Amino acid sequence: METVVSGIRPTGNLHIGNYFGAIRNFIKMQEKNNCFFFIADYHSLTTHPTPQDLHGNVKQVLVEYLATGIDPEKTTLYIQSDLPETAELYLLLNMNAYLGELERVTTFKEKARKQPNNVNAGLLTYPSLMAADILIHKANKVPVGKDQEQHLEMTRTFARRFNRMYELDFFPEPTAFNFGDNLIKIPGLDGSGKMGKSEGEGNAIFLAEDPKSIRKKVMRAVTDAGPTEPNSPKAEPVENLFSLLKAVSSQDTVNFFEEQYSTCKIRYGDLKKQLAEDVINFTAPLREKILEIAANEAYLGKVAKMGAEKAHESGAKTMREIRDIIGFRKF
Ligand code: TYM
């Protein structure tokens, strides 16, 4: 049995990139492992949300976790700030995290470019907080999408550094994980990059999105003029549509459109129509559950309380051990 940890930042509704990159793995992993899945509300403070937005987004992620099938009885499903020991470990890890290595992290450089007026210390030390989330439960496996790979590398560096410093084999070196495959990146609908909330209107398809809006977004997705020679390589926006098709459609459907593409018969309008319907088939039952669970505040309260207690049991134990190792001892 492995110890599994992963989290999602509460910054709005979850999209199908979150689902296929992370949540799909959570659902499978919860059956046989010791799983901790949380809502990374400390992390979301790097973008300065209002208290109302923060609370609303935490609730939304909690609801969506539950709607996708994460079982609070089988896992520890909790809110990061309900385990304040995380912040203590973050502080300790920061004492051995170096400016040079933090500045080199790709996501930091990207964020610094995107929000030049808010390059705060939380953004810079984002990898130490993420390492704290993972190491506080001594996790071995971390199911995440491709974009988190470098953060996991940093987590291993911090774990090794701690072990070496205190000459102990205390933290395992956790690895990023995707079931049976390489880490994945679900592309967005705007022709480049990955699906993400902050990438602009129309780029992401949300789990709670209504069918009409899904159809509209998919039909507007970027393509090109179409293949002119048999078996020609696909341009990035077209490759992206095929990646989405592979995520939500049957193998037969994928094969059909691949064949149409390689013989230059493809009509992107048909491909998009099919893609939209398959996305809707996938999200519609989730959407219903999301609406149902969101209305049940009492249940959400119960889940959050249970999660906080279970997370504390594991996290407080690790922190006691760490304090002792470091030399914070009682007289
Ligand atoms: P976040 O909130 O940006 O994304 C949550 C999860 O969804 C994955 N993901 C994707 N996967 C594939 N294709 C996409 N287009 C896509 N977009 C998002 C992410 O890889 C992630 O797994 N730093 C994390 C949250 C976090 C965390 C942790 C994760 C905080 N502490 C400890 C694991 C362990 C983040 O910002 O993910």
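Here, each number is a calculation from the coordinates, and none is a lab measurement. Please read these numbers as outputs of a predicted model, since none were measured by experiment. For neighbour counting, all protein chains shown are included, and Cβ atoms are generated from backbone atoms with ideal geometry for every residue, glycine included.
Some observations on this one:
- Mean Cα-pair separation over length for the chain, i.e. relative contact order, pairs under 8 Å, 6 or more apart, %: 22
- Mean separation of Cα contacts under 8 Å, 6 or more apart, over the residue count of the stretch 197-291: relative contact order %: 42
- Near residue 5: Cβ cut-off under 14 Å, other residues only, Lys/Arg at +1 and Asp/Glu at -1. The net charge is 0.
- Local electrostatic count, residue 253, Cβ distance below 14 Å [Lys/Arg +1, Asp/Glu -1]: -3
- Cα-Cα over 28 Å, subset of 32/317; 185/272; 59/212; 32/114: 32/114
- Coarse-grained scattering of the stretch 197-291 at q = 0.11, 0.22, 0.23 Å⁻¹, given as base-10 log I(q)/I(0) from a Debye sum over alpha-carbon atoms: -0.33, -1.14, -1.21
- Distance histogram in 20 Å bins (all Cα pairs of the chain, percent per bin): 29, 55, 15, 1
- Computed from label points 7 Å out along Cα-Cβ, the spacing between residue 288 and residue 173 is 4.8 nm.
- Only Lys, Arg (+1) and Asp, Glu (-1) charged, at Cβ; the chain dipole about Cα centre in debye: 340
- Simple rule: put +1 on each Lys or Arg Cβ and -1 on each Asp or Glu Cβ in the chain, find the dipole, and look at 89, 192, 157; the Cα lying farthest toward the positive end is 89.
- Evaluated with a Cβ-only charge set (Lys, Arg +1; Asp, Glu -1), the stretch 197-291 carries a dipole of roughly 360 debye about its Cα centre, given to the nearest 20.
- With Cα atoms defining each centre, the stretch 54-108 and the stretch 251-299 are spaced 30 Å apart in the structure.
- Long-range amide H partners of residue 115 with built H, under 5 Å: none
- For q = 0.14, 0.20, 0.21 Å⁻¹, Debye-computed log10 I/I(0) when each Cα of the stretch 42-189 counts as one equal scatterer: -0.80, -1.55, -1.61
- Per-peptide packing, taken as the mean over residues of other Cβ atoms within 10 Å, places 216-228, 64-76 in the sequence 64-76, 216-228 from highest down.
- For residue 32, net neighbour charge (Lys/Arg +1, Asp/Glu -1) across residues whose Cβ lies under 13 Å away: 0
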